1. Based on the alpha-carbon gyration tensor of the stretch 34-73 and its eigenvalue square roots a ≥ b ≥ c, which shape applies: rounded if a/c is under 1.5, prolate if not and a/b is larger than b/c, or oblate?
2. Given the rule -39500 (n - 2.57) for each run of at least 4 DSSP H residues, summed and divided by the residues of the chain, what is its mean residue ellipticity at 222 nm, to the nearest 500 deg cm²/dmol?
3. Once both axes come from the Cα atoms, what is the angle between helix 50-65 and the longest principal axis of the chain, in degrees from 0 to 90, rounded to 10?
4. With a Förster radius of 25 Å, plug the Cβ-Cβ distance of residue 56 and residue 13 into 1/(1 + (r/R0)^6) and report the FRET value to the nearest 0.05.
5. Per 5 Å bin from zero, what fraction in whole % of the C-alpha pairs of the chain is there, up to the bin with the longest pair?
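Nothing in this text is a laboratory measurement; each read-out follows from the coordinates by a stated rule. Bear in mind the structure is a predicted one, so any value in this text is a computation, not a measurement. All Cβ positions, even for glycine, are placed from backbone atoms using ideal geometry, and neighbour counts span all protein chains on display.
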């Protein structure tokens with residue numbers, strides 16, 4: 001389903017109105033946590049993946065501990 005909508009101001013941010021039908025078709029529900037990815041001319045919304053966030057936390061910790069080695073490898 002494709003549907004045109006508008007971006008709206010929400011305080012200092014910008015939001016988008018998503019119809020009830022669009023939410024139902026996507027499987028999302030109001031209040032659900034999502035991941036938003038942006039690239040030129042495109043914004044994607046995906047279901048939040050707790051496993052991905054756990055893996056990223058581990059990767060960040062390793063990168064912090066091995067910062068000097070990673071800098072040497074980057075040369």
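1. Verdict is oblate for the stretch 34-73.
2. Only helices count here, giving -12500 deg cm²/dmol.
3. Roughly 30 degrees, rounded to the nearest 10.
4. The formula returns an efficiency of 0.60 here.
5. 3, 10, 15, 19, 14, 12, 10, 6, 7, 4, 0
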